[in-house]
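We did not get these values from a lab; they are worked out from the coordinates using the rules stated. Computed from a predicted structure; not experimentally measured. Reconstructed Cβ throughout: ideal geometry from the backbone, glycine too, with neighbour counts over all protein chains shown.
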Amino acid sequence: MRGVVLTFLLFSSHLYGAGSSSYPLDDVSPDLTDKESLQRGARTFVNYCMGCHEMKYQRFQRVADDLGIPEEAMMSNLVFDPSKKLGAHMSNSMSVSNAKQWFGNVPPDLTLYTKLKGGPEYFYTYMRTFYEDPSRPFGVNNLLYKNVGMPHPLVHLQGIQKKVCKDIPKIAKNGGEMREAITGHPLLENKCGDELVNRGVSPLELVENSGELSIEEYDSLIYDLTNFLYYSGDPSRLERQRIGGFVLLFLAFFYVFAWLLGREYTKEIH
Ligand code: HEC
């Protein structure tokens, strides 16, 4: 029974991450050994996200140490608030009531975000699925998070994405394409955005030349940001894996002596 509960707890964060949307998540493999990627991610975070989002369980000093950023470079490039010291938490001064009034929702703290909600795949997909929607207060919506309160902070870099609308064949209950009885032409229906996903059609398209970066460059920017959030969710992960290796080695070594000692003890028991 306990096993069942534990298994459920293990997977529940991923269920939660999927939210109400059935939009499939894109794969991403964070790489904590890639310090340059982590540094670029940290830079994007403080430049474009920290005005609204805090990382209040993380300190600038720790980020500098872990990512190999010299203290001076950290202070002059990544700490914008002159009253903040290197040892300060990565917080901002936006009040909860202001945030509620401006955005309808409070921007969540992002320190543990990839651990709590959906993992790095959710974040990576979320940051790439904003699309134009004039009915929303900031003119954008998101395929993963319907009616999201966050404006798209990187739209000048990514460019404007629009929902694709297409006439595609109607599918009958038995899974086959529906056809007109007499002519045999396929019966079509007009579908838009995420309704197209199940039919293997890309739900969004980029308005040409509306952003400063190419699609690949934008994906790589978001990859670095994902990497940084993945790191911040568990800053000692790399260190732990390294020490884990030594612990296993020690156990293997210790086993030999424990076994020899055990043999010595049981020698006279028949
Ligand atoms: C102008 C303020 C603002 C900026 C800048 C901003 N966000 Fe947000 N963000 C919000 C608000 C408000 C929410 C809460 C939205 C909601 O719950 O409707 C949010 C929510 C989120 C979420 C949670 C989504 C979810 O599914 O729970 C993530 C992740 C996120 N932001 C990442 C970022 C990143 C990364 C950046 C920088 C590239 C950024 N945000 C910049 C205001 C902002």
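Things to note:
- Rg ratio (alpha-carbon, reference 2.2 N^0.38 Å) - the chain: 1.37
- Mean projection area, nm², convex hull over Cα of the range 33-72: 3.0
- For the range 79-162, diffusion coefficient by Stokes-Einstein and Kirkwood Rh (Cα), 20 °C, 1.002 mPa s, µm²/s: 145
- In plain terms, the chain from S135 to H185 could stretch by 14.4 nm, reckoned as 0.36 nm per residue minus the Cα-Cα distance.
- Distance in nm between pseudo-label sites at M178 and L261 (7 Å out along the Cβ direction from Cα): 7.6
- Inter-part distance where the range 196-245 and the range 103-126 are each reduced to a Cα centre, Å: 13
- Label-to-label distance, D81 versus S22, with points set 7 angstrom from Cα along the beta-carbon direction: 4.4 nm.
- Ordering of 98-107, 156-165 by packing [mean C-beta count within 10 Å, highest first]: 156-165, 98-107
- Additional length obtainable on full extension of the chain from L116 to S95, 0.36 nm per residue less Cα span: 5.3 nm
- Spherically averaged projected area in nm², based on the convex hull that wraps the Cα atoms of the range 191-256: 8.7
- Under a Gaussian network description of the chain, with springs only between Cα atoms under 10 Å, the residue in L187, L196, L206 that fluctuates furthest is L187.
- The value given for the range 99-214 is a Kirkwood hydrodynamic radius of 16.6 Å, derived from the mean inverse Cα-Cα separation.
- Relative to its residue count, the range 135-270 spans a Cα convex hull of 285 Å³ per residue.
- Fluctuation leader among G233, G139, G176 - the chain, Gaussian network, Cα springs under 10 angstrom: G176
- The aspartates and glutamates whose alpha-carbon is closer than 20 Å to the alpha-carbon of K191, local same-chain residues fewer than 8 away aside, are E132, D133, D167, E177, E180, E205.
- On the basis of the beta-carbon distance and an R0 of 22 Å, D65 and L248 show a calculated FRET efficiency of 0.25.
- Cysteines having no other Cys beta carbon under 4.7 Å from their own, within the chain: C49, C52
- Legend: distances between Cα atoms for K35/K100; K35/K84; K115/K166; K35/K85; K56/K115; pairs beyond 26 Å are K35/K100; K115/K166.
- When each of the peptides 224-231, 236-243 is scored by how many other beta carbons lie within 10 Å of its residues on average, the order from highest to lowest is 224-231, 236-243.
- Peptide packing: for 77-86, 119-128, the average count of neighbouring Cβ atoms within 10 Å per residue gives the ranking 119-128, 77-86, highest mean first.
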